[in-house]
Amino acid sequence: MFAIFKREMRAHVKSLFFWAVGIFFLIFISFIKFESIATTPEASDAMVDMMPQIIQVMFGMAMPLYTPQGYFIMILLWIGLAVFLHAALLGASLISKEQQDKTADFLLVRPLRREKIVLAKALAGIAQVVMLNAVIWLAVQVSLLPALTGSSTVSAVIETGALALGSTIDLEQGIYLALAGLLLTQVIYLVLGMLGATASRSPRHTAAYAAIFVLLGYLLYSVVAASGEVDFLGVLTPFWYFFSQRVLTDGLSAAYLGLSAVIVIVGIYAACALYRRRDVV
Amino acid sequence: MNVLIQEIKQYRKGLLAWIVGLTLGAFMFMPFLPAFADNVSSMKEFLAGMGLSLTEAIGIDFEVFFGPLGYFNYIYSFIILAAGIQALALGLRIIALETRFKTADFLLTKPKSRSSIYLQKVAAGLISLLVTQAIVNLVCLISLKAFAVESFSLQNFLLLVSTLSFMQFFLYALGILVAALAPKLKQTIGVAIGITMLFYVLYVVANLTKEELYNWFTPFKYFEGNYILIHQAYDASFLALGVALTVVFLVAGLVVYRRRDVHSV
């Protein structure tokens with residue numbers, strides 16, 4: 001089992017490296033210049049204000065961008081979209097690449113139960129999304145947090161942002177919690193990607209299905225966040241579970257923590273069960 | 001000719017899915033246009049009550065941003081992001097998939113020069129992209145006509161939608177070069193999403209922070225709708241850079257593809 005884990009880690013090391021460099025770079029350049037945004041509230045904010053609520057939410061611009069909270073929510077939405085796609089595609093490819101590359105029969109004749117194969121792949125996937133999340137965490141450490149303690153202008157806008165959100169928790173703590181929420185959502189999408197790939201018959205299309213699934217989740221999140229009245233629909237989209245705006249306001253929601261645990265455990269179990277009965281050609 | 005036909009046949013279903021997705025995406029936002037126009041006119045009245053015009057209040061000539069084309073441009077930037085992913089993935093796909101499906105040696109043993117294969121593949125992709133652009137832009141034009149309260153200039157509309165073509169061709173060429181340089185590439189859509197999102201967020205951040213240096217590294221700046229709205233023209237130096245890079249990528253792709261080592265199965 002450990003051999004499979006190691007193999008999967010090695011097989012994805014290059015792509016993980018590129019994702020990590022890209023994401024680190026993005027977060028770094030986004031936050032390092034934050035002070036210049038805080039000191040000159042953007043003129044095109046007026047444009048954003050005119051937009052209907054749903055579009056503001058889709059672009060992550062429902063909060064004023066010159067506050068650290070609003071800016072963090074926007075950047076984290078984009079980063080989230082990217083890393084969730086990464087997680088779902090990774091999950092799908094962990095399962096389906098064996099058939100696509102015609103290595104499945106080689107793998108399955110090893111003296112190892114199929115459940116263990118799926119489990120080893122899931123662990124390798126989780127290890128990789130954790131690493132990507134660690135990179136995000138590191139990038140936030142070296143770019144956003146120093147910018148927040150910089151000047152008096154910045155501390156004034158922190159107050160403005162906290163008031164606009166009505167937050168009950170400290171900003172720095174909120175940021176850590178939001179990143180933890182991001183990690184949980186990554187794991188959920190990873191597991192769902194694997195589950196989709198074990199359930200789907202054609203290994204060629206699993207990547208496209210996984211991407212479409214994430215995009216649908218994003219659209220549904222926009223509807224839920226924009227309307228403000230159909231929060232219960234949020235259950236259907238992992239984007240919503242630990243949406244950074246909610247995390248910065250109230251912290252991680254216990255109900256969604258429970259739901260995530262259930263999805264991950266049931267998802268891996270179901271993936272094992274489906275893979276055991278799968279006709280692998 | 002055979003390679004071209006074969007490529008188009010293979011991409012038919014994917015192309016259809018992309019076109020449906022993109023047109024739905026563009027169409028979805030248009031019904032909000034009247035609400036946007038309402039917000040703008042109440043804002044104008046409010047400012048007029050204080051004896052100000054929109055332009056004076058905001059400082060730059062933003063009048064143009066609040067017309068139908070301003071709204072359209074905002075939405076369209078999103079469509080371009082998605083269409084960019086399509087183009088980049090297609091560029092990767094036409095080169096990388098032969099290796100993945102182990103059909104590369106079958107193709108290369110045919111009595112055809114590699115240049116001819118490369119050119120036919122590139123042409124097949126270009127045709128697919130042109131079809132995408134034509135349909136998406138047509139739907140945009142019709143729905144914009146249907147929902148816009150004020151009239152807008154058709155010439156400016158055409159100038160705006162031409163950014164989609166430049167953008168797609170740029171990313172397509174980049175995808176081809178990347179695939180030619182990375183023979184072991186397996187997943188196309190993930191790479192395409194990663195690179196395109198990187199460019200896009202870089203562009204958004206460059207705009208927000210006003211950091212001039214970032215602009216040189218993102219094609220979303222080379223072919224920028226905002227600039228066209230204000231000046232009714234492209235920024236010549238960025239346009240030249242973008243087009244030049246597109247050509248360089250395509251030629252470099254050909255050079256690499258001609259000489260690269262292809263393993264038999």
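The values are calculated or read from the model by the stated rules, or taken from the named source; none is laboratory data. These numbers come from a predicted model, not from an experiment. A quick note on method: Cβ atoms are made from the backbone with ideal geometry, for glycine too, and the neighbour counts reach across all protein chains shown.
Screening the candidates B:A35, B:A48, B:A57 for the property of being in a helix (DSSP H, G or I), modelled with pLDDT under 80 and within 13 Å of another protein chain (Cβ to nearest Cβ) yields one hit, B:A57.
Taking segment A:95-106 as the range and being in contact (Cβ under 8 Å) with a residue 60 or more places away in the chain and over 30 Å from the mean Cα position of the chain (by Cα) as the test, only A:D105 passes. Listed by position, the helices (runs of 4 or more DSSP H) inside segment A:14-125 whose residues that are facing chain B (nearest Cβ under 9 Å) number at least 3 are A:34-39, A:45-50, A:53-58, A:68-100.
Considering each of B:V178, B:V256, B:V201, B:V191 in turn, give the residue that is of a type in the set (A, V, I, L, M, F, W, C), away from chain A (no Cβ under 13 Å) and either in contact with a helix residue (DSSP H, G or I) (Cβ under 9 Å, 6 or more places away or on another chain) or crowded, with 18+ Cβ neighbours inside 10 Å (or both).
Answer to the selection: B:V256.
Please specify each residue of segment A:211-234 satisfying the condition of being within 12 Å of chain B (Cβ to nearest Cβ) and of a type in the set (A, V, I, L, M, F, W, C). Within segment A:211-234, A:A211, A:I212, A:V214, A:L215, A:L216, A:L219, A:V223, A:A226 qualify.
Here is the figure for segment B:76-133: residues that are closer than 30 Å to A:M51 by Cβ and either out of contact with any Leu (no Cβ under 9 Å at 6 or more places or on another chain) or in contact (Cβ under 8 Å) with a residue 60 or more places away in the chain (or both) total 15. Residues in segment B:70-106 that are closer than 26 Å to B:A35 by Cα and hydroxyl-bearing (S, T, Y) were compared, and the one that is surrounded by the fewest Cβ atoms within 10 Å (Cβ to Cβ) is B:S77. When B:N137 is tested against the conditions (1) at pLDDT 90 or above; (2) within 14 Å of chain A (Cβ to nearest Cβ), the lone failure is (2).
Within segment A:194-215, restricting attention to residues that are free of Cβ contacts under 8 Å to residues at least 12 places away in the same chain and of a type outside the set (S, T, N, Q), the residue that is surrounded by the fewest Cβ atoms within 10 Å (Cβ to Cβ) is A:R201.
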